[in-house]
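Notes follow once the structure below has been shown.
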Amino acid sequence: MLCKYLFIVNFVSTLKQKLMKTKAYSTLFFSLFCFISITLTAQENKVKKTYLQEGDQIRYIEFYQNGQIAQTGYFLNGKNHGLWTSYNPDGTKKAEGNFKNGKKVDAWFFWNDAVLIEVTFKNNSVLKAIQWDKSEVLASKELK
């Protein structure tokens, strides 16, 4: 899907440069923009996906059919980059971790009911995994 998006953005940019000399530019460009927006959000399973340019990165947001966010993250040069977070359909967090140039790095966290699994990655390879399943207070400061 990202490849289609990047191809379309490149195509629109090229077309925009060619049409800059005509008065029909604004109408045609607006029509083309609307068509592309509808195409990108219309999915076979009707899950909405959005792509927003933020500086040199593209922010990706995917929604469940119920409107809740399914996952968010960023792309840099066509690869997953930075913080990515996945959610369950009820809005609770399912997974969170970082990518660097398309590879999982550092600590990733996976939630499953009362169990938290921490997986440490380096260049997309698992270094270690820890399951946290005890609910106990590690530190507390009583407020009076």
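How many residues does region 90-103 contain that are assigned to a strand (DSSP E or B) and acidic (Asp, Glu)?
Summing the residues that are assigned to a strand (DSSP E or B) and acidic (Asp, Glu) in region 90-103 gives 1.
Taking region 43-71 on its own, how many of its residues are polar (S, T, N, Q) and surrounded by 17 or more Cβ atoms within 10 Å (Cβ to Cβ)? Explain how you work it out, then say what you get.
Filtering region 43-71 for residues polar (S, T, N, Q) gives 43, 45, 50, 53, 57, 65-66, 68, 71.
Pick out the ones that are also surrounded by 17 or more Cβ atoms within 10 Å (Cβ to Cβ) and you get 71.
Residues that pass the stated criteria total 1.
When residues of region 84-123 are filtered for being of a type in the set (Asp, Glu) and closer than 19 Å to Glu62 by Cα, how many remain?
Qualifying residue count, region 84-123: 2.
Since every read-out is calculated from the coordinates, none of them should be taken as a lab result. Just so it is clear, the structure is predicted and the values come from calculations on it, not from any experiment. As a convention, Cβ positions derive from the backbone with ideal geometry for all residues, glycine included, and neighbour counts pool all protein chains shown.
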